[in-house]
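The values are calculated or read from the model by the stated rules, or taken from the named source; none is laboratory data. Bear in mind the structure is a predicted one, so any value in this text is a computation, not a measurement. A quick note on method: Cβ atoms are made from the backbone with ideal geometry, for glycine too, and the neighbour counts reach across all protein chains shown. Just so you know, the surface numbers come from the protein's heavy atoms only, side chains and all, with ligands and any DNA or RNA stripped out. Shrake-Rupley method; radii C 1.70, N 1.55, O 1.52, S 1.80 Å.
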Amino acid sequence: ERYPLVYLANAALAPTLLKRRQTGERPTGRLVMGPPGKELPGAWVETQGLAEAWGLKEAGQPYALEEMRLRVLRDHARRLERVHLATHSRFNDEDYLQSYIQFSQEWLTLAGLISDETMDFHGMRLFYLSSCESGRARSGVADELQGLVWALIYAGAGAVMASLWPVDDGAAEYMASA
């Protein structure tokens, strides 16, 4: 309780994370997005319930279907304390930089995430990826793990919740109703 455990996907991030904690200023915004298409009815229930629980329905959330756009995430990025994405993701074993998070008719690749300065999540407490295998990674430079979790922490997220296995859409709906 006194000393939180922190998992670092990359040891080189430690100085950056420690520096961030010293700033003290934290954003308070919340963003719920998903699903990007009609093929995930459980994710639809999940995001609707979360947007209601967080009091975001009046603000037009969740951003779902054709409204689930990268531009929305970019526009809100610096002001967010929490993000919840219910979508598809894929880890690319052959080229990990092409691993992605799916939005409506567009994809945020790992390469795009680390190179896009508008994807600034500094001060964010939690980035929740409710998507298949979003926590997978591979050894990269200096045997560090490289994947979407690493990229989101690099972009400023304080913590990332992700999955190492496929997420059953029905389970997402069940968890939202529990």
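Take each peptide in 36-42, 145-151, 79-85, count the other Cβ atoms within 10 Å of every residue, and average; sorted highest first, the result is 145-151, 79-85, 36-42. On the stretch 76-117, 40 percent of the accessible area sits on carbon and sulfur atoms, based on a 1.4 Å probe.
For Glu94 and Val72, what is the calculated FRET efficiency with R₀ set at 30 Å and r taken between the beta-carbons, to the nearest 0.05? The value I calculate is 0.50.
Rolling a 1.4 Å probe over the protein heavy atoms leaves Tyr96 with an accessible area of roughly 30 Å². In the context of the full set of protein chains, the stretch 75-119 has a per residue accessible area of 49 Å² (1.4 Å probe). Placing dummy labels 7 Å off each Cα toward the beta-carbon, the span from Glu52 to Gln105 is 3.0 nm. A Cβ-based charge dipole, computed about the Cα centre of the stretch 53-108 with Lys and Arg at +1 and Asp and Glu at -1, lands at about 320 debye.
Under 5 Å between amide hydrogens, built in the peptide plane, is the criterion, and for Val167 it picks out Cys132, Glu133 among residues at least 5 positions away or on other chains.
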